[in-house]
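Step one of this worksheet: look at the structure below.
None of the figures in this text is laboratory data; all of them are computed from the coordinates on show. Note that the structure is a prediction, hence the values are computed from the model and not measured. Neighbour counts run over all protein chains shown; Cβ positions are idealised from the backbone, glycine included.
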Amino acid sequence: MSVAPSSLTGKLTQLVQRIYPNHDASDLTQDIVSAFWPDGTHCRKRPRKPGNTLWSQRDAMVITYGNSIQDGSHKPLDLLRDFLTKHLQGVVNGVHILPFFPFTSDDGFAVTDYRKVDPQLGDWPDISRIGGEFALMSDLVLNHVSSQGVWFNAYRQGQEPYDKFFFEGDPEDDLSSVVRPRTTPLLQEVETAMGPRHVWCTFSHDQVDLDYRNPEVLLEMIRIIRLHIDEGVRIIRLDAVAFLWKEPGTPSIHLPQTHAIVQLLRVLADFATETVVLLTETNVPKAENLSYFGQRNEAHSIYNFPLPPLVLHAMLSGTAKYLQAWQRAMPPAPLGCSYLNFTASHDGIGMRPAEGLLPPVEISRMIDTVQQTGALVSMRALPDGGQSVYELNASYFSAMEQTFDGDDEHQIARFLASQTMIMSLEGIPAFYIHAMLATPNDHDSVERRGMNRAINRHRWDYTELRARLLDPTSDQAQVLNGLSQRLRIRSDQPAFHPNATQFTLNCDDRIFGLWRQSLDRDQSIFALHNVSKDTVTIPKTQLNLIEDEEWVDILSGEKIDPTAEEVVMTPYQCRWITNMH
């Protein structure tokens, strides 16, 4: 690249000095610029300013593995593209393809080669084709790599530069306060050309943590980000980023250097000529999660992790009391930032974000209820040597099979209501493919693959899936058609812009109600969601329907009389009442 603007090098140098005080900041800054903008490329002269133009109400994402759809003869990525273009064009405009690299475990999150596409899925041109039709998100699995990959094998043989790529610990170190999402031992002893070493494994012994105290590790990750961008990726998901920097004797999560590295990546994104969005994946309690917005200088977007357990509890209990209390206390996203709202994901339903939001007795009732529908439970280790529930493992559709009161005939309506709530909230909605397809729990996969999370990682046979989608009575057709209809309606409503004003209504606890107002203040939407099997009447005094305007529920087409005394909500009904239609 030609000479970088001083505004870029100045910002980078400040961050380099914070992260690597013992290195030459000027040289390292130039290495970073060269890694992100190799010869023949250039950057913006000025950083992209924070604003509300990176996204709109038309944005919605689907989350999927590259092989969620198979037929035994075609490349899975080609089948995925076929499904996306035939069934989700005009419904969602973004797709998150979970790790599509060669791997050894954890369904892609133990990467052996960051520069290749898993040949069982396809190749880079298949990825780029999808990126040409949808906003494409990829995973930067930047905390750890496979114990059987090229990097770690080179480390064990003492080959430069990989001999200093991995975080080594000492069994004598005080590691009692280290925060872990797993119960396996943190340190793993391995034989190397230098003798036995103990490597740090936050997640599993097949996922060995990288050592970001070595700036060469960061430089290599920056080169990989550039490769992704060149192949059409526009949203970079920073997987497990909270654990990046480690120091024995500390919790080794959310350390200042970790935040500084995210800030450094944000600077690169802000100066990129391509529109690059950073999304942090930090499955932790609220305040810790919100910290990754920084001062509008870290992630553009963060996952709204409390939503999966809180929405599930509301639908199973028939009360939105705890969901409402949490939402009222949530700040709007800062300018230039957005929440990513979701309920179902490739992982389980994380319970850590529910800490302090749901009473222990309510968490226990929720766990008992979903276990009756076939859900599994995964644990995490506590610093005192004990264990606690880390996540529930279930398909979100199956988790709605019954409520605290038992079985009923409302599963599909209940599930659609849960997903409609995600569409209504401030932020960008994201839907796991198995939520959109009403995929049930896959116990066969759990038994075959020996991991709890396989319960929600079904691989559809494309012939069977198409047959189900052609049958209007199938769960798959009813759910996909219902969600698609609502997403298409949503995309035309300025009041559902990710940064449009939001106010949590004071309604009956069985109603989760929001008021949204467009950025230009022309459109209002009263988004009402009945989380119960009761018919609920809402006094009109709880809404602010201006009398000289015409109000319509755009989900049902029903005109709402602003002089009427009440609005009636049938079991699990959702209403989007707006003055513009």
- Item | Long-range amide H partners of ARG48 with built H, under 5 Å | PHE271
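Report the relative contact order of the stretch 471-524, percent, no decimals, based on alpha-carbon pairs under 8 angstrom and at least 6 residues apart. Spell out each step's value before the answer.
Numbers: 52 pairs, mean separation 15.1, N = 54.
About 28 percent, as a whole number.
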- Query: What does the convex hull of the Cα atoms come to per residue for the stretch 201-348, in Å³?
  - Reply: 145 Å³
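So if the hydrodynamic radius of the stretch 127-270 is defined as the Kirkwood radius over C-alpha pairs, what does Stokes-Einstein give as its diffusion coefficient at 25 °C and 0.890 mPa s, in µm² per second?
Numbers: Rh = 16.2 Å.
Estimated diffusion coefficient is 151 µm²/s.
What Kirkwood hydrodynamic radius do you get for the stretch 188-232 when you take the inverse of the mean 1/r over all pairs of distinct Cα atoms, in Å? Don't jump to the answer; show the numbers that get you there.
On the way: mean 1/r = 0.0793 Å⁻¹.
This gives a value of 12.6 Å.
About the Cα centre, and with charges only on the beta carbon of Lys, Arg (+1) and Asp, Glu (-1), how big is the dipole of the stretch 117-235? Nearest 20 debye, please. Provide the component values of the computation, followed by the final result.
Working: 10 positive and 21 negative charges, 56 e Å.
Using Cβ point charges on Lys, Arg, Asp and Glu, the stretch 117-235 gives about 280 debye.
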- Item | Furthest towards positive pole of dipole, ASN52, GLN89, GLN70, structure part the stretch 1-91, Cβ charges | ASN52
- Message: Using Cα-Cα distances under 8 Å and only pairs 6 or more residues apart, what relative contact order does the chain have, in percent?
- Response: 13 percent
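As a test of the formula, what do you get for the chain when each DSSP H run with n ≥ 4 contributes -39,500 (n - 2.57) and the sum is divided by the residue count, at 222 nm and rounded to the nearest 500 deg cm²/dmol?
Numbers: 17 runs with 174 residues, N = 581.
-9000 deg cm²/dmol, from helical runs alone.
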- Task: Using only alpha carbon pairs under 8 Å that are at least six residues apart, calculate the relative contact order of the stretch 185-290 and give it in whole percent.
- Result: 20 percent
- Note on the structure: Measuring from its Cα centre, the stretch 386-493 shows a charge dipole (+1 at each Lys and Arg Cβ, -1 at each Asp and Glu Cβ) which, in debye to the nearest 20, is 500 debye
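Calculate, for HIS23 and LYS49, the FRET efficiency according to 1/(1 + (r/R0)^6) with r their C-beta to C-beta distance and R0 35 Å; round to the nearest 0.05. It would help to have the intermediate numbers written out before the result.
Details: r = 30 Å, r/R0 = 0.87.
Calculated transfer efficiency: 0.70.
Can you tell me the length gained on complete extension of the stretch THR184 to PHE404, counting 0.36 nm per residue apart and subtracting the Cα distance? Walk me through the intermediate numbers first.
On the way: separation 220, 0.36 × 220 = 79.20 nm, distance 3.33 nm.
Stretched fully, the THR184-PHE404 segment lengthens by 75.9 nm.
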- Globularity index of the stretch 1-157, i.e. its alpha-carbon radius of gyration over 2.2 N^0.38 Å: 1.30
- Message: What is the distance in Å between the Cα centroid of the stretch 509-552 and that of the stretch 26-105?
- Response: 36 Å
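So which chymotrypsin sites (Phe, Trp or Tyr not before Pro) in the stretch 409-448 pass both tests, a DSSP loop state and at most 16 other Cβ atoms within 10 Å of the Cβ? Write out the running numbers ahead of the final one.
Details: sites: PHE415, PHE431, TYR432; in loops: none.
Passing both the DSSP loop test and the Cβ count: no residue.
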- Message: Within 13 Å, Cβ to Cβ, of ASP407, how many net charges do the neighbouring residues add up to if Lys/Arg are +1 and Asp/Glu are -1?
- Response: -2
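For the chain, with only Lys/Arg (+1) and Asp/Glu (-1) charged at the beta-carbon, what is the dipole magnitude about the Cα centre, in debye rounded to 20? Each step should come with its number before you reach the end.
Details: 51 positive and 73 negative charges, 236 e Å.
About 1140 debye.
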- Note on the structure: For the stretch 477-573, whose charge dipole is built from +1 on Lys and Arg Cβ atoms and -1 on Asp and Glu Cβ atoms, the candidate among ALA477, TYR572, GLN493 with its Cα farthest towards the positive end is ALA477
- Note on the structure: Extension length gain for HIS443 and ARG296 (0.36 nm per residue less Cα distance), in nm, is 48.6 nm
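Where both residues lie in the chain, what percent of DSSP beta bridges are antiparallel, nearest 5? Don't skip to the end; give the middle numbers.
Values: 48 of 77 bridges.
Close to 60 percent.
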- Message: How long are the semi-axes of the equivalent ellipsoid of the stretch 63-124, taking √(5λ) for every eigenvalue λ of the Cα gyration tensor, in whole Å from largest down?
- Response: 22, 13, 9
- Cα-based Lys proximity count in the chain, under 28 Å, for pairs eight or more positions apart or on separate chains: 16
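Which of the peptides 379-385, 503-509 is most tightly packed, and how do the rest follow, going by the mean number of other Cβ atoms within 10 Å of each residue? Intermediate values should be presented prior to the final figure.
Numbers: 379-385: 12.6, 503-509: 17.3.
Averaged packing, sorted descending, gives the order 503-509, 379-385.
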- Message: With unit charges on the beta carbons (Lys and Arg positive, Asp and Glu negative) and the dipole taken about the Cα centre of the chain, which residue among ALA527, GLY356, THR192 sits farthest to the positive side?
- Response: ALA527
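Tally Lys and Arg at +1 and Asp and Glu at -1 over the other residues with C-beta under 12 Å from the C-beta of MET351: what net charge comes out?
-2
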